[in-house]
Amino acid sequence: MTHYQKLLRVSTNGKSFHNITAKIEAIVAESGVETGLCSLFLRHTSASLVIQENADPDVLVDLANFMAKIVPEGNYYIHDAEGPDDMPGHIRTVLTHTSEQIPINRGHLVLGTWQGIYVWEHRQQNNVRELVVHISG
């Protein structure tokens, strides 16, 4: 069995979704694995890794609006060391994911037609997020 691992740094610009599908596909191709599994792990507690709609950007807007309603920012939390979006960022990450696994077939990710891989930044400031990409096959 082959193992291939790479650290991917993703620069974010405040609360937003960052489509990283093409970057992950490139790493899969670089690995040379034809059949296997791509494991993704985001090394942060206030950003998420999600597989979501990649055709209609309104879906991402609706997701962000929904999350803002169920986890509002403000003076509701004890933990606010880094500002009013600090604890809400942690809660939003708990409600989503920091890891995903995607099968690989014929050297490509086996994603659905309308699926994309996103880093979802939950904080207002710009960040550089680190994603461990581990490919086995």
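Divide, for the chain, the radius of gyration over alpha carbons by 2.2 N^0.38 Å, where N is the residue count.
For the chain, the normalised Cα radius of gyration comes out at 1.11.
Would you mind computing, in nm to one decimal, how far apart the modelled labels at Ile78 and Val59 are, each placed 7 Å from Cα along Cα→Cβ?
My value for the distance between the label points is 3.9 nm.
Can you tell me the 0 to 90 degree angle between the C-alpha axis of helix 21-31 and the longest principal axis of the chain, rounded to 10?
40 degrees
So how much slack lies between Ala68 and Asn105, counting 0.36 nm per residue of separation and subtracting their Cα-Cα distance, in nm?
9.7 nm
In whole percent, and with a 1.4 Å probe on the protein chains, what portion of the accessible area of the chain is carbon and sulfur?
It is 53 percent, rounded to a whole number.
Which FRET efficiency value, to the nearest 0.05, do you get for Thr2 and Thr98 by plugging their Cβ-Cβ distance into 1/(1 + (r/R0)^6) with R0 = 22 Å?
Efficiency for this residue pair is about 0.35.
Among the lysines, select those whose C-alpha is under 17 Å from the C-alpha of Lys69, and discard any that sit fewer than 8 residues away in the same chain.
Cα-Cα hits under 17 Å: Lys15.
Over segment 34-137, with the other protein chains present, what is the accessible area per residue in square angstrom, probe 1.4 angstrom?
54 Å²
Explain nothing, just the number: relative contact order of segment 48-109, from Cα pairs under 8 Å at least 6 residues apart, as a whole percent.
Across segment 48-109, relative contact order equals 43 percent.
Using a cut-off of 12 Å between beta-carbons, work out the net charge of the residues near Glu130 (Lys and Arg +1, Asp and Glu -1, Glu130 not included).
Here the count lands on +4.
Beyond 13 Å, what share of the Cα-Cα pairs of segment 61-104 remains, rounded to the nearest whole percent?
Counting pairs separated by more than 13 Å, the tail of P(r) holds 59 percent.
DSSP loop (so not H, G, I, E, B), at most 15 other Cβ within 10 Å: list which GluC sites (Glu not before Pro) in segment 1-37 pass both filters.
In loop regions of segment 1-37 (DSSP not H, G, I, E or B), the sparsely surrounded GluC sites (Glu not before Pro) are Glu34.
Give me the three principal axis extents of segment 1-82 from the C-alpha atoms, as integers in angstrom, largest value leading.
50, 32, 20
The values are calculated or read from the model by the stated rules, or taken from the named source; none is laboratory data. All of these numbers come straight from a predicted model, not from anything done at the bench. Note that each Cβ is placed from the backbone with ideal geometry, even for glycine, and that neighbours are counted across all protein chains shown. These accessible areas exclude ligands, DNA and RNA; they are computed on the full protein's heavy atoms, side chains included. Shrake-Rupley method; radii C 1.70, N 1.55, O 1.52, S 1.80 Å.
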